[in-house]
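Heads up: the structure comes next, in structure tokens.
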Amino acid sequence: MLQRTSNFLYLRPKILLAVLLAPPVFWLGVVYFGALLVLLVNSFFYLDDFSGVIVREFSLRSYAELFTPANIDIFRRTASMAAAVTVASAVLAFPLAYTMARKADRRIKPLIYLSVMLPLWSSYLVRVYAWKLILAKEGVVSWVFEAGNLGWLLDRILALPVIGGPSLSISTLGMFIVFVYVWLPYMVLPIQAALERVPGSLLEASGDLGARPVETFRRITLPLAFPGVVAGSIFTFSLTLGDFIVPTVLGNSSFFIGQAVYSHQGTSGNIPLAAAMTTVPMAIMVVYLLVARKLGAFEAL
Amino acid sequence: MIDRLQSRLLGGATLLVILFLNMPVWIIGLYAFTTEEAAFTFPLPGLTTRWFGVAISRADFWEAFGLSVRVATVATLIALVLGTLASAAVARTRFYGREAVSFLLVLPIALPGIVTGIALRSAVGLFDLPFSYWTIVVGHATFCVVVVYNNAIARFRRTSWSLVEASMDLGANGFQTFRYVLLPQLGTALLAGGMLAFALSFDEVIVTTFTAGQQSTLPIWIFSQLTRPRDRPVTNVVALFVILITAIPILLANRLTESGEQNLEK
């Protein structure tokens, strides 16, 4: 019986392929993709303001609601945070990725690699929680500032408009630090991969032709590593756009996209508006991905 | 001279970034022992191990932990089956729609978690299904597939196909070839992928907030403590526990991937 089935499948590779593909394609193509379509369809319904009932007929009302000043503020706030986090991650990731790719010897390299992989995979929520402890008013950071007699500086920073707040654990600055921390590994790995592909002979040639190390770095290494930076930025940007945990835990009352979506579908039961709102980060990411492809990021993934 | 200075600077910057990446987890380890109940004072006012006992005696903690383990186990098993099938199909054959399949697999982690979460929620709502253990599992399995798939396909690409042909030539049928030739080759990659999938599922909170009904998984329990802190010392202990539970599979997976690839190179 087994033998017969095996021969049957071996002689008909197309049927074998169909057998292999059917379960995963059913799961992701029907269950998951279907769910995405339901979401899309939902975004064309609307919530009747008076009765509080979802009206299931085609309308662009939920989309129109996206353009209220309050919502535009939310989008702007989230996108600027994503951009700031991306730039900061790139700056921090570069030296680490460079050391991993070019400098570290065989014994140290696996250790550094692990020190990037462990935070990447270990509990995201707990790592956010750790910062709640660190940034608390009476926590580690305040203690460091006090110990250096710089308590006034911390107070001055927290008094700043927009980025400040009552304590670092409830401020935009704190949120920024935590975002950079949680997404940093996603930036390190693509940059490291891109740097490892830079041929050593190019660097030697550059040196032989009289370029100083700084010049070689600026004119050879950096341009060749740039697609890696763009590839990493896809993750840091997209992850920040869609997150609602960090703003909920460290933010004040001004919403981010994720929180707005969450509250619309939850407390107010306005699934159509929540659905329409999720198209915003998706649209931003589509544009972002198109630009990234132009910059050669997909070869660096 | 300048070179040495630069290399010092680079080394210093690297060290600082590594510290930044890893120090917060040590802080969690430290706070699990604090004597304080209502604040996060540093340096710790005193050390105690009594919160471990308190955490262990908490029924809500064990309930959440049990649910998380059951969800992660079943989601991982589903992901293992689906991920292996998909990678076997995509690795060896070219067919119409191949790109679409690999795109479909990556979609659940490429899209922001809220999109996946709310999409599943509105689909569940549309069919009036009850939110239950199974809706959580479906959500988790969806994004775990890609982890297994990535690990398996990398191994498939490095496995030489002549082994399979030799096995067939020697009279083994397709199932025997899979069992005795392909599976041992894939073994460590699947184990590594499965462990990462387990860690991913065990820790997931965003999709879960949308697909869970009244039950809470361990991350949801922690999240509720984060927004409305009631039991800070117990949360500290649970946080440390979660870090350890997820770190073990990650370290093992790392080890397995390395040793698996060394075997292939021999």
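Bear in mind that the values in this text are calculations on the coordinates, not laboratory data. None of the values given here were measured: they were computed from a predicted structure. Here Cβ is always computed from backbone atoms with ideal geometry, including for glycine, and neighbour counts include all displayed protein chains.
Data overview
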item: Range of Cα positions in the stretch A:69-300 per principal axis (Å), largest first; result: 64, 49, 31
item: Residue among B:237, B:164, B:148 with the largest mean-square fluctuation in a Gaussian network model of chain B, springs linking Cα atoms under 10 Å; result: B:164
item: Chain B: relative contact order as a whole-number percent, Cα under 8 Å and 6+ apart; result: 29
item: Farthest toward positive dipole pole in chain A [+1 Lys/Arg, -1 Asp/Glu at C-beta], among A:209, A:281, A:53; result: A:209
item: Dipole of the stretch A:69-300, positive end: most advanced residue of A:233, A:136, A:257 [Cβ charges, Cα centre]; result: A:233
item: Crossing angle, helix B:183-203 versus chain B [Cα axis fit, 0-90 degrees, rounded to tens]; result: 30
item: For chain B, calculated [θ]222 nm from helices alone, where every DSSP H run of n ≥ 4 adds -39500 (n - 2.57); result: -26000 deg cm²/dmol
item: Phi-based couplings in Hz for the stretch A:155-161 (Karplus 6.51, -1.76, 1.60; Gly and Pro marked x); result: 4, 4, 4, 5, 7, 4, x
item: For B:38-44, mean number of other protein chain Cβ atoms within 10 Å; result: 5
item: Under 5 Å, built H, 5+ apart or other chain: amide partners of residue A:46; result: A:55, A:57
item: Separation between Cα centres of the stretch A:1-52 and the stretch B:5-78, rounded to whole Å; result: 39
item: Partner chain coverage, peptide B:119-129 - average Cβ within 10 angstrom; result: 6
item: Crossing angle, helix B:113-126 versus chain B [Cα axis fit, 0-90 degrees, rounded to tens]; result: 80
item: Average partner coverage of B:3-14, which counts Cβ from other chains inside 10 Å; result: 3
item: Length-normalised contact order of the stretch A:69-300 in % [C-alpha pairs under 8 Å, at least 6 apart]; result: 26
item: Net charge over other residues, Cβ less than 12 angstrom from the Cβ of residue B:43 (K, R count +1; D, E count -1); result: -3
item: Selected from A:66, A:38, A:16, residue furthest toward positive end of dipole (the stretch A:2-72; charges at beta carbon); result: A:16
item: Test item: Cα-centred dipole of the stretch B:1-73, Lys/Arg +1 and Asp/Glu -1 on Cβ, debye; result: 240
item: Residue exposure sequence - A:105, A:48 - by fewest surrounding Cβ within 10 Å; result: A:105, A:48
item: Segment residue B:98-residue B:215, extension gain: residue separation times 0.36 nm, minus the distance between their alpha carbons; result: 38.3 nm
item: Chain A, helix-only ellipticity at 222 nm - DSSP H runs n ≥ 4, -39,500 (n - 2.57), divided by all residues, nearest 500; result: -22000 deg cm²/dmol
item: Cβ charges +1 (Lys, Arg) and -1 (Asp, Glu), total dipole of the stretch B:152-232, debye; result: 240
item: Neighbour-count order for A:112, A:54, A:220, fewest beta carbons within 10 angstrom listed first; result: A:54, A:220, A:112
item: Average projection area in nm² (convex hull over Cα atoms of the stretch B:1-125, one quarter of hull surface); result: 16.3
item: Net lengthening on full extension, residue A:155/residue A:290 (0.36 nm per residue, minus Cα-Cα); result: 44.4 nm
item: Translational diffusion of the stretch B:122-163, µm² s⁻¹ [Kirkwood Rh, Cα pairs; Stokes-Einstein; 10 °C; 1.306 mPa s]; result: 123
item: Point-charge dipole on Cβ atoms (K/R +1, D/E -1) for the protein assembly as shown, about Cα centre, debye to 20; result: 1120
item: The stretch A:63-121 versus the stretch B:93-124: alpha-carbon centroid distance in Å; result: 23
item: Rounded to 10°, Cα long-axis angle of helix B:59-92 versus longest principal axis of chain B; result: 20
